[in-house]
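Let me begin by presenting the structure, written as structure tokens, before commenting on it.
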Amino acid sequence: MIELTNISKTYAKSGTKAVDSLSLRIPDGVIFGFLGPNGAGKTTTIRIMTGAIEADSGSVLIDGIDLAKEPMEAKRRFGLVPDTPDLFSRLKAYEYLNFIADVYGVSASDRVTVIEELAARFELSDALKSPIGSMSRGMRMKLNLIASLIHKPHNWILDEPIVGLDPHAAFALKELMRTHAANGGTVFFSTHVMEVAERICDKLAIINKGRLVFTGDLEGLRELRESRGRLSGRVPLAGAGDGAAREADMAATESTDQGGESLEALFLALVEDGEHAPEEVSKP
Amino acid sequence: MRSPFISLLSLSLKSVFAIHLPTKKEIPSPKVLLKTFGWMVLAIVLLADFGFMFAMMDIGMHDALAPFGMQQLMLIYATVTASVLVFLFAFITSLSFFSSAPNEALFLTMPFKPSWLLAARMATVYAIEAPIAFLVMGIAAGVYGIKNGSSIDFYVWMLLNALALPLVPLAVSYALLVPLVSASRWLRRKNTILYIGGFVGLALALGFNWYLQTMMARIEDPVLLRRLLIDSEFNVADIANWWPPAWFTMTAIGNSSKLAAFAATLANLGLGAALAVATARLFGRNYTKILANFGELASVKGKIGRLQAQTVFARRPVFISLVQRELRLMNREPMYFLNGPFVIVLLPVILALSLIAQGRQIQEALQQLRPLLDGQAGYLIPAGIGIFLANSTSIASSAFSRDAKAIYVLKSLPLEPRDIIAAKLVHALLFAAIGIVFGVIGVGLLLSIKLIDIAVALVLAIFGAVALTICGLVIDTFWPRLSWENPMSALKRNPNTVMVILGTMGLLAGLGALSASLSFPKYGFALLYGTVFLAAGIGFGLLLFRKGSASVRHMEP
């Protein structure tokens with residue numbers, strides 16, 4: 001379980017408030033999607049929850065352990081797939097995996113088992129001797145996926161994991177996410193791909209301009225849209241002035257024909273609404 | 001609207017000469033002011049350094065030849081020097097630019113003619129070569145013109161021909177390299193190009209050093225000078241006769257008729273431009289094929305078998321793993337390796353070349369220095385060289401800067417910041433140890449220093465090198481340069497490394513001056529400096545390990 005309480009972060013160099021009073025509770029046994037447009041604060045939030053950067057205020061608990069107070073213990077309880085898989089390009093794939101396994105203290109036999117199984121699943125077995133720099137973006141992402149699971153973490157945090165993956169690997173990843181959650185683990189991932197979020201998320205949160213605009217499940221999101229539309233006296237998704245809202249409108253029209261709004265339409269509309277009413281809303 | 005070719009050309013030039021001038025808003029910042037001032041001073045010092053070397057050589061040569069009425073030979077010499085230099089630089093720069101082929105490949109998707117892509121690249125190389133020719137020819141023109149009261153025409157022809165000199169070498173370099181790189185899969189790899197470019201570049205630097213040293217020796221001897229210029233079988237005057245750009249240049253400046261001089265200059269520029277255009281047109285298509293088929297790093301196929309896996313995936317202590325990561329990431333990046341650890345080998349080679357090139361003068365100087373070497377200089381000089389070599393790799397002063405965005409990953413792992421710092425320190429100290437051995441023992445043996453003095457120098461160098469290595473790491477831990485696109489920004493263009501190298505040189509020069517002015521017993525200096533280095537090392541160490549962890553926690557690329 002991961003809990004973020006009142007997290008805020010302003011980058012000193014640019015003065016940009018990337019995350020503003022964000023609170024999230026990611027329970028065990030669920031796949032939690034973290035959605036938001038570019039620059040919304042998704043990666044900053046993930047970096048804060050993994051200890052890569054420090055928040056200006058607020059706290060992060062990983063399985064009840066305070067990341068600020070017991071960073072080593074807290075960090076051992078999650079595996080991270082970063083958004084930039086091209087780091088350490090001069091290392092060979094197996095050297096990188098070995099390094100990560102050493103850091104987590106994984107025994108030789110355990111690391112061989114995990115690496116063999118996951119490399120086979122992601123069709124990376126033939127490339128383990130290659131320098132990371134010689135791999136495609138998708139292959140690097142697969143390598144990071146293996147590295148993130150090498151110590152069998154309870155919490156699995158993934159930053160834009162679908163980008164660059166081929167359909168086979170994307171399918172394998174989704175299966176792994178489902179299995180991880182089914183075994184009682186936590187899966188927290190950020191994505192731009194609404195279709196993926198819609199299909200596999202048990203719960204989701206939407207962030208815009210550093211503020212949480214929604215947290216709950218898909219049904220809750222639909223209800224929220226409808227109630228907002230009634231409250232504001234606007235027809236949901238209609239009459240919006242900019243391109244994003246028009247796209248949402250079109251998507252909504254298409255999906256409503258099929259019996260309900262798509263996540264993409266709801267997301268776009270909510271982000272658009274968030275410009276006018278940024279207060280945090282939570283739905284169970 | 002600009003033509004696509006002009007836009008491409010402008011982009012190519014900007015990507016190489018990416019000089020950021022401070023904006024009005026940035027100027028009031030003391031940091032920006034200091035940085036701009038520092039870069040300006042560095043540019044002036046570099047220009048003055050090379051300018052001074054060539055000016056002294058030209059003056060020496062002119063004065064040596066003037067009594068025989070042969071001072072015009074110095075112009076032939078300057079023309080040939082400029083031609084050879086731009087040829088070598090054109091070749092090495094053209095070769096090095098192939099390493100940016102993966103980025104350039106994006107242009108293949110845009111509506112550019114193949115010849116435009118090559119022409120834009122050639123123009124960028126020309127923009128690097130032309131100032132070199134201009135500097136060499138300009139200084140020679142100045143020396144000769146002032147001493148002989150030449151007319152303004154002379155300067156005009158010299159400088160216009162200087163602009164023509166790089167064109168033929170540029171065309172020839174690409175005419176050789178494009179088919180070569182195109183035919184060889186091995187050469188179409190970034191690593192190969194970077195290593196070859198790096199080693200050829202170093203050989204060039206060594207050759208240039210050798211040339212300067214030998215020329216200085218020759219200028220003092222008119223017989224040797226005359227032999228080099230006209231008397232030997234392979235002399236400078238002959239090169240000027242068979243190398244067309246040099247011949248045109250000499251015809252232009254040696255002709256009293258303005259029309260003939262103008263015609264020769266025009267022919268020089270025309271020949272160069274025509275060859276450059278022809279090369280771009282002839283080899284453009286092949287060049288685009290290179291861009292399309294350029295590999296960054298070679299992938300290796302093959303599974304790791306069960307038996308092999310037990311060895312490959314053996315568990316190691318975290319700290320060993322961290323040190324190994326540092327070693328691999330530094331030494332496998334050619335730009336880092338050649339400008340970092342390899343410097344430990346390079347600097348002694350340069351020193352050895354100087355000794356060989358100026359053998360007689362050095363031997364004489366050593367004879368005179370012998371009484372001095374029997375005193376404190378006998379251990380202070382090797383210790384100083386050892387300390388300098390140990391800190392010349394810039395490993396410590398670029399330790400965090402080189403990691404840049406990888407810091408995010410490191411910080412998300414269950415690693416204590418002090419362990420990350422310690423691994424970086426151990427990595428730097430490993431190479432510092434090699435530098436100390438090369439510097440102290442190498443110089444000690446070369447100067448026939450007594451064993452006891454070598455031993456004292458070794459201890460002193462260890463104290464000094466450790467203190468300065470920790471100091472370098474302190475600087476890069478508290479003020480790392482974490483945002484960059486080109487890895488060179490983390491090493492060669494990093495103010496931290498420049499500060500540490502220049503600081504070490506300044507410190508050693510200061511200690512040298514102090515040692516010459518103080519009268520201590522012979523080993524009193526060792527005691528004094530050793531104590532200071534030890535205290536500084538402990539101080540920097542405490543600072544690094546007490547405050548460094550907090551700095552790592554706050555790092556945000």
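The values are calculated or read from the model by the stated rules, or taken from the named source; none is laboratory data. None of these values were measured; they are calculated from a predicted model. Every residue, glycine as well, gets a Cβ built from its backbone with ideal geometry; the counts of neighbours run over all protein chains shown.
Quick look at the numbers
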read-out	value
Counted residues, segment B:38-69 - those being assigned to a helix (DSSP H, G or I) and either aromatic (F, W, Y) or on the phi > 0 side of the Ramachandran plot (or both)	5
Hits in segment B:288-305 - residues which are of a type in the set (D, E, K, R) and facing another protein chain (nearest Cβ under 8 Å)	B:E296, B:K301, B:K303
Residue, modelled with the highest pLDDT, within segment B:276-315, restricted to residues that are of a type in the set (V, I, T) and not in a helix (DSSP H, G or I)	B:I304
Helices (runs of 4 or more DSSP H) (entirely within segment B:139-224) containing at least 3 residues that are under 25 Å from the mean Cα position of the chain (by Cα), under 19 Å from B:I128 (Cα atoms) and not acidic (D, E)	B:167-183, B:190-219
Failed criterion for B:A273 (all others in (1) within 8 Å of another protein chain (Cβ to nearest Cβ); (2) assigned to a helix (DSSP H, G or I) hold)	(1)
Residue that is farthest from B:F248 (Cα to Cα) [pool: residues in segment B:273-296 that are under 28 Å from the mean Cα position of the chain (by Cα) and of a type in the set (G, A, S)]	B:G295
Selection count, segment A:2-35, where residues are outside any strand (DSSP E or B), at negative phi and not β-branched (V, I, T)	6
Identity of the residue in segment B:306-348, within 30 Å of B:V200 (Cα to Cα) and of a type in the set (V, I, T), that ends up surrounded by the fewest Cβ atoms within 10 Å (Cβ to Cβ)	B:V345
Members of segment A:140-156 that are closer than 23 Å to A:G33 by Cβ and either of a type in the set (G, A, S) or facing chain B (nearest Cβ under 10 Å) (or both)	A:N144, A:A147, A:S148
Residue within segment B:105-117 that is out of contact with any helix residue (DSSP H, G or I) (no Cβ under 7 Å at 6 or more places or on another chain) and assigned to a helix (DSSP H, G or I) present	yes
Count of residues meeting criterion [more than 7 Å from every other protein chain (Cβ to nearest Cβ), over 18 Å from the mean Cα position of the chain (by Cα) and of a type in the set (A, V, I, L, M, F, W, C)] in segment A:62-73	3
Helices (runs of 4 or more DSSP H) lying entirely in segment B:316-385 (those with 1 or more residues that are within 14 Å of chain A (Cβ to nearest Cβ) and farther than 30 Å from B:L212 by Cβ)	B:318-331
Residue among B:R315, B:R306, B:R285, B:R325 that alone is more than 30 Å from A:I132 (Cβ to Cβ) and out of contact with any strand residue (DSSP E or B) (no Cβ under 8 Å at 6 or more places or on another chain)	B:R285
Unmet requirement for A:R76, which otherwise passes all of (1) within 19 Å of B:K301 (Cα to Cα); (2) buried (at least 20 other Cβ atoms within 10 Å of the Cβ); (3) at the interface with chain B (Cβ under 8 Å from one of its Cβ atoms)	(1)
Segment A:30-54, subset more than 12 Å from chain B (Cβ to nearest Cβ) and among the aliphatic types (A, V, I, L, M), residue nearest to the chain's Cα centre (by Cα)	A:L35
Filtered residue count, segment A:181-220, keeping only those that are of a type outside the set (A, V, I, L, M, F, W, C) and assigned to a helix (DSSP H, G or I)	5
Residue match in segment B:306-314 (condition: among the small types (G, A, S) and more than 8 Å from every other protein chain (Cβ to nearest Cβ))	no
Search result, residues across segment A:182-206 that are crowded, with 16+ Cβ neighbours inside 10 Å, under 14 Å from the mean Cα position of the chain (by Cα) and closer than 15 Å to A:M1 by Cα	A:T186, A:V187, A:F188, A:F189, A:K203, A:L204
Where B:P480 falls short, out of the listed (1) assigned to a helix (DSSP H, G or I); (2) surrounded by 14 or more Cβ atoms within 10 Å (Cβ to Cβ); (3) within 14 Å of another protein chain (Cβ to nearest Cβ); (4) not β-branched (V, I, T)	(1)
Search result, residues across segment B:446-469 that are of a type in the set (A, V, I, L, M) and within 16 Å of B:T531 (Cα to Cα)	B:V456, B:A457, B:L458, B:V459, B:L460, B:A461, B:I462, B:A465, B:V466, B:A467, B:L468
Where a residue in segment A:36-52 is more than 16 Å from A:R211 (Cβ to Cβ) and part of a loop (DSSP other than H, G, I, E, B) and its partner, wherever it lies, is aromatic (F, W, Y) and at pLDDT 95 or above, with Cβ under 8 Å and at least six apart	A:T50/A:F78
Scope segment A:80-89; condition surrounded by fewer than 22 Cβ atoms within 10 Å (Cβ to Cβ) and at the interface with chain B (Cβ under 7 Å from one of its Cβ atoms); matching residues	A:T84, A:L87
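Yes/no matrix, rows are residues, columns are (1) within 7 Å of chain B (Cβ to nearest Cβ); (2) in contact with a strand residue (DSSP E or B) (Cβ under 7 Å, 6 or more places away or on another chain); (3) under 16 Å from B:R306 (Cβ atoms):
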residue: A:Y96; (1), (2), (3): no, no, no
residue: A:I100; (1), (2), (3): no, no, no
residue: A:V103; (1), (2), (3): yes, no, no
residue: A:A108; (1), (2), (3): yes, no, yes
residue: A:R111; (1), (2), (3): yes, no, yes
residue: A:F122; (1), (2), (3): no, no, no
residue: A:D126; (1), (2), (3): yes, no, yes
residue: A:K129; (1), (2), (3): yes, yes, yes
residue: A:G138; (1), (2), (3): no, no, no
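Conditions tested, residue by residue: (1) crowded, with 18+ Cβ neighbours inside 10 Å; (2) small (G, A, S).
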| site | (1), (2) |
| --- | --- |
| B:A175 | no, yes |
| B:S184 | no, yes |
| B:R188 | yes, no |
| B:G198 | yes, yes |
| B:L204 | no, no |
| B:N241 | no, no |
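Condition check ((1) modelled with pLDDT of 95 or more; (2) part of a helix (DSSP H, G or I)) across all residues:
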site	(1), (2)
B:A509	no, yes
B:S515	no, yes
B:P521	no, no
B:G530	yes, yes
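To keep it simple, each residue is scored yes or no on (1) farther than 21 Å from B:L507 by Cβ; (2) within 14 Å of chain A (Cβ to nearest Cβ); (3) crowded, with 23+ Cβ neighbours inside 10 Å; (4) under 26 Å from the mean Cα position of the chain (by Cα).
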site: B:V409; (1), (2), (3), (4): yes, yes, no, no
site: B:G439; (1), (2), (3), (4): no, no, yes, yes
site: B:A455; (1), (2), (3), (4): yes, no, no, no
site: B:G464; (1), (2), (3), (4): no, no, yes, yes
site: B:L468; (1), (2), (3), (4): no, no, yes, yes
